[in-house]
Amino acid sequence: METKIVRITDADDPAIIEMGEIIRSGGLVSFPTETVYGLGANALDSGAAAKIFAAKGRPADNPLIVHLCSISQLETVALDIPDKAYVLFESFAPGPLTVILKKRPELPDTVTAGLDTVAVRIPSHPVARSLINAAGVPIAAPSANLSGRPSPTRAEHVIRDMNGKIDAIIDGGACSVGVESTIVELTSGTVNILRPGGITKSDISNLFGSVSVDRHVYEMVADCEHPKSPGMKYKHYSPEADVVVVEGDTKSSADTIRWLLAKEKQKGVMCGVMAYDGCTFDSEAVLYVGENNKTYASRLFDSLLSFDKLGIKKVFAQFCRDDDYGLAVSNRLFKAAGGNIIHSDGGDIK
Ligand code: AMP
Ligand code: MG
């Protein structure tokens with residue numbers, strides 16, 4: 001299949017009409033959002049949703065997020081919507097928040113992987129919003145990467161994974177948040193974060209007081225377990241390079257990385273909150289991802305994919321913990337590293 005690649009940065013660009021038509025008639029279009037690039041299909045068309053799973057190589061039991069334009073459309077895909085869901089959407093929509101709701105029966109099982117719930121998001125990216133409007137249907141969209149790979153934050157990442165497999169790719173420039181949406185579950189009555197993302201735990205606890213974080217955000221999922229968010233059990237965010245996370249304060253983690261670099265040649269370093277004066281590394285590829293975990297999140301996937309492009313085989317990724325964006329960064333990094341974490345303050349080396 002020939003994939004049409006169109007540059008659209010303006011929500012009023014007339015080319016969006018054609019992209020919406022492709023979605024409405026059962027095709028696949030990758031589009032930019034504020035979090036990462038999505039791979040969109042008509043959420044009301046089971047056959048179209050099935051094409052997403054085929055293009056990504058996504059396991060059929062990993063459900064898709066349904067994208068809408070406004071709070072008033074929630075009832076077109078969900079039932080019995082709790083008050084807390086409205087509070088969340090009124091506070092953070094449009095934006096990087098996904099809420100798990102009870103699904104309407106007419107929504108195809110392919111989209112929700114047979115669950116009786118649906119994940120719903122209202123993106124803020126003007127091109128994404130314009131596309132949903134042009135399609136005239138809710139858009140089911142996971143991240144537009146091959147399953148298991150880092151999520152795409154630029155059109156070139158999507159082109160690498162999806163060219164020739166889908167109808168069209170909208171190049172709308174780099175995604176600003178850079179990690180996926182925060183997924184919140186309310187169905188059990190409590191407010192539970194299933195995936196940390198662009199809306200932080202403190203943003204949500206400012207609304208409700210107590211907020212829990214699902215343990216699978218921090219822990220690898222054992223083979224016998226059934227996590228609440230099915231995607232958590234799969235290998236995720238892995239570049240071609242092996243990733244080793246070096247966790248600790250700025251100085252001790254930098255020292256540990258220097259020691260590791262001296263032992264092994266040809267390694268990359270991904271530097272996070274450590275860009276302090278005189279911070280240098282003897283490595284052929286060093287990518288600074290900013291001065292805090294928010295900038296780290298925005299450049300995380302792009303940096304992992306850049307190391308692949310450079311042919312780097314091993315990446316030492318520094319990580320300094322915090323309770324804000326640090327939760328989203330650590331969740332993605334720890335999964336990318338498959339649990340391979342070194343604690344630079346003298347803890348275990350796995
Ligand atoms: P992605 O689209 O790549 O960001 O992945 C979507 C994530 O949302 C996956 O981890 C899914 O398991 C999760 N998800 C989608 N629908 C549901 C649902 N109904 N209940 C729980 N998790 C969901
Ligand atoms: Mg994904």
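Some notes on this structure:
- Contacts under 7 angstrom Cβ, first residue in segment 204-215 being surrounded by 13 or more Cβ atoms within 10 Å (Cβ to Cβ), partner among the β-branched types (V, I, T) and in a helix (DSSP H, G or I), 6 or more apart: L207/V87; V211/I204
- Total residues in segment 285-302, condition without any contact (Cβ under 8 Å) to a residue 24 or more places away in the chain and assigned to a loop (DSSP other than H, G, I, E, B): 3
- For V29, the conditions (1) open to solvent by 30 Å² or more (accessible area, probe 1.4 Å); (2) within 18 Å of the chain's Cα centre (by Cα) are fulfilled apart from (1).
- Figure legend. Inter-residue proximity from segment 1-28: first residues of a type in the set (S, T, Y), second residues open to solvent by 80 Å² or more (accessible area, probe 1.4 Å), beta-carbon distance below 6 Å, spacing 6+ or different chains. Indicated pairs: T3/N163.
- Candidate set from segment 122-153 (those that are within 10 Å of ligand 1 (Cβ to nearest atom) and under 28 Å from A337 (Cα atoms)); member that is most open to solvent (accessible area, probe 1.4 Å): S147
- Against the test of being modelled with pLDDT under 90, of a type outside the set (S, T, N, Q) and touching a strand residue (DSSP E or B) at 6+ places or on another chain (Cβ under 9 Å), the options G189, G231, G209, G198 yield a single qualifying residue, G231.
- Meets criteria (at pLDDT below 95, under 16 Å from L74 (Cα atoms) and either away from ligand 2 (no atom under 16 Å from the Cβ) or outside any loop (DSSP other than H, G, I, E, B) (or both)) for T98: no
- Test: residue in segment 155-173 that is open to solvent by 40 Å² or more (accessible area, probe 1.4 Å), at pLDDT 95 or above and touching a Leu at 6+ places or on another chain (Cβ under 6 Å): yes
- Total residues in segment 35-52, condition in a helix (DSSP H, G or I) and open to solvent by less than 20 Å² (accessible area, probe 1.4 Å): 3
- Failed item, numbered, when A254 is tested on (1) within 24 Å of P96 (Cα to Cα); (2) part of a helix (DSSP H, G or I); (3) over 16 Å from the mean Cα position of the chain (by Cα): (1)
- Cβ pairs under 7 Å, 6+ apart, first in segment 169-195 and under 21 Å from L79 (Cβ atoms), second away from ligand 1 (no atom under 12 Å from the Cβ) and in a loop (DSSP other than H, G, I, E, B): V184/V191; L186/P82; V191/V211
- The one condition in (1) within 30 Å of I65 (Cα to Cα); (2) touching a residue at least 12 places away in the same chain (Cβ under 8 Å); (3) surrounded by fewer than 19 Cβ atoms within 10 Å (Cβ to Cβ); (4) more than 16 Å from ligand 2 (Cβ to nearest atom) that V221 fails to fulfil: (4)
- Residue within segment 203-212 that is within 30 Å of L260 (Cα to Cα) and within 21 Å of the chain's Cα centre (by Cα) present: no
- For segment 154-183, taking the residues that are among the charged types (D, E, K, R) and within 15 Å of ligand 1 (Cβ to nearest atom), the one that is nearest to the chain's Cα centre (by Cα) is identified as E180.
Yes or no, residue by residue, for (1) in a loop (DSSP other than H, G, I, E, B); (2) within 17 Å of D12 (Cα to Cα):
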{"position": "V111", "(1), (2)": "no, no"}
{"position": "G114", "(1), (2)": "yes, no"}
{"position": "V118", "(1), (2)": "no, no"}
{"position": "R129", "(1), (2)": "no, yes"}
{"position": "N133", "(1), (2)": "no, yes"}
{"position": "N145", "(1), (2)": "yes, no"}
{"position": "G148", "(1), (2)": "yes, no"}
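- Screening V66, V87, V6 for residues that are in a strand (DSSP E or B) and away from ligand 2 (no atom under 16 Å from the Cβ) leaves exactly one candidate, V6.
The values are calculated or read from the model by the stated rules, or taken from the named source; none is laboratory data. Since the model is a prediction, treat every value here as computed from it, not as a measurement. Using ideal geometry, Cβ is built from the backbone for each residue, glycine included, and neighbour counts are taken over all protein chains shown. With ligands, DNA and RNA removed, areas are computed over all heavy atoms of the protein, side chains included. Shrake-Rupley method; radii C 1.70, N 1.55, O 1.52, S 1.80 Å.
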